[in-house]
Amino acid sequence: MKTIVFKHQRGSVLVVALLILVAGTVGMTTMASLVSNRSRFVLDSELAAKRRLAIRNSKALTSRYFLGQAIASDSTAKTISLSSDSGWGKVDIPTTVSAFDSLQNFSLVNLLSPGGESGFTKDVNIIIKQSIPYVSPPSESSLPYRVQLKSRSPILAGTLFVQHKPSLAVVEEVDISGSIRVNGHAVFWTDEDLTDSEVGGFIADSYDFPGKIGVSMPTASGGGKMASNFPFFPRTTGLTSGATNATAVSDGSFNLIESGTTAQSRSNTVAYKMNQSSRIVVDGGFNTEFSIGAVSGAMINNAGEGPEELEITVDLDATAVSPVHILDGVHHVKLLGFDSGSGDSEPAAFIFIDSADLETIQFENNNDRRLVLGVKSDGPIVLRSNTPLATWRTILTIEQAPFYLDLNGSSLTMQGGVRTDARFAVKTGGSLILNREPLPDSLEIIDTREAWVEIYPQPPTL
Amino acid sequence: MILSRSAKAYTIVETMVAISLLMLGVGAAASLSMTLVKQEEINARAARAVNWQENAVRLYQMGIGGSTSGVSILDVLPTLPQSHTVTVQGSFESITDYPADIAQPEVANLTLVYSSDPGGGVTRTSVMKGVR
């Protein structure tokens, strides 16, 4: 057989070999390039992770700073940073003022603005700085963020029953009992387990246990209702005695009635809010009956035995009711309700009782005037109502004192809500119904608040 | 057309030289491939380590681990290879310009020591910080 030999056969083999060589070289180069790029990617991903973590660290630092300050004023601008983190996540913070004094409405409704329609914010512009790698000399980038120090009365926002952690002065167990119907939200800060017998008569539309999982409560139909498990971000009512760090000020304890030696610890108390206007101050130092405006004092001894006891009566039906501050020595407080049905047009009443001797509070008639009532006492207090099926527009804040509602087999409807850090019980046969205050506007300013921190990136300047 | 004898095919010498050169090339390519494969393994280990470590620090920032949490970070994340070690050292580090009357935020240094080399001979140490 004759072999056909082409003219350039040897050259062709060479070309084919070279082409294979080129293809192999391209393949190897591609692989080397891919691996090289991946090496660079991995190297940079470490920086990217560090950058992401540094921003979160900066936000945590900022949030802790403001919570630790109990969201209060600081007259010195500062740059806070982890000393050991080589400049990653430094935060420039300007001078700030207390969020609890803010009257600026939310400019942005974001995160969980309870209620949505109102609330207060104090906006602070901060700069988060980060290292810029691969440049010489070392440099920093600046990321503008806006910190919103938001505050609002939880009761006016729809949380109609709040049981806080007990203050140290409380020796009795913190619990609730009796028939309580909350037509809104409830929050329990307590660490204790509430047994079925303790919550048997408590029914709320929804509720949260910030520190607990798997808690259920009975419903009207008899079944159990689980906690809502809404995101529960750290919030504070301000500094409490001896509490100077972010955890302690956001653990649910409060000091809302009075005391506090610094501006930070005073700025969210009933006493501080009341100081904004002139008030009538009464204590147990009187020994004859008296009357000042809507306030009158008398000595009583219903049992006819033992020493006389002092009673203060506040007539909410009077034309003008000044804020009233009741101090030690007073045993009984009687509140005469505004019953003409036009309470919306009347200014809100403000009564603050800080009497270690207080024993009873008496509601008489119905009350259509908005009332902010703060109570602090060393002993148990009994609230009575002389009117069956009474309705009172009242925001009630109770500190340290176990509180008992003796309703003589009837029910009391409270349009407003209750905050307490001690035992709260409705005696057998009675029932308490909590409804939301329909006209909260003017109350937003004078009621005590809770505050929290939100941090958002600022849009870039074009 | 008349072709010379030598034009019909390569001589044995030419073939041997070509094969030698080819073997050199193949050897170099094989060596380079092995290096690239090893480098890729190193990249993959580093990427996994960074990812794992960032996840761990994020869990710490979210409240898991440390004295205040009943759950350990290591219980939540996938198990590390035996050659890897991790330490989470919680502390209260000094914070520049932070007010003295406020307790410091909790800071943790999460240190991961992992073998970047498939043979296990070379280790890398990576430290990331978490604040909460």
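Worth a mention:
- Take each residue of peptide B:19-29, count the partner chain Cβ atoms within 10 Å of its Cβ, and average: the result is 2.
- Spacing of the two label points (7 Å from each Cα toward its C-beta) at A:Thr319 and B:Asp101, in nm: 4.6
- Cβ neighbours within 10 Å from other chains - mean over A:43-49: 4
- Within 10 Å of each Cβ in A:52-61, the average number of Cβ atoms from other chains: 5
- Label-to-label distance, nm, for residues given as A:Asp344 and A:Lys427 (7 Å Cα→Cβ offset): 3.6
- Once both labels are positioned 7 Å from their Cα atoms along Cα-to-Cβ, the gap between A:Asn386 and B:Thr85 label points is 7.9 nm.
- Calculated FRET value between B:Asp75 and A:Thr79, using beta carbons and R₀ = 41 Å, to 0.05: 0.65
Taken together, the values in this text are just the output of simple stated rules run on the coordinates, not laboratory data. On a predicted model such as this, the values are computed, not experimentally measured, just so you know. Here Cβ is always computed from backbone atoms with ideal geometry, including for glycine, and neighbour counts include all displayed protein chains.
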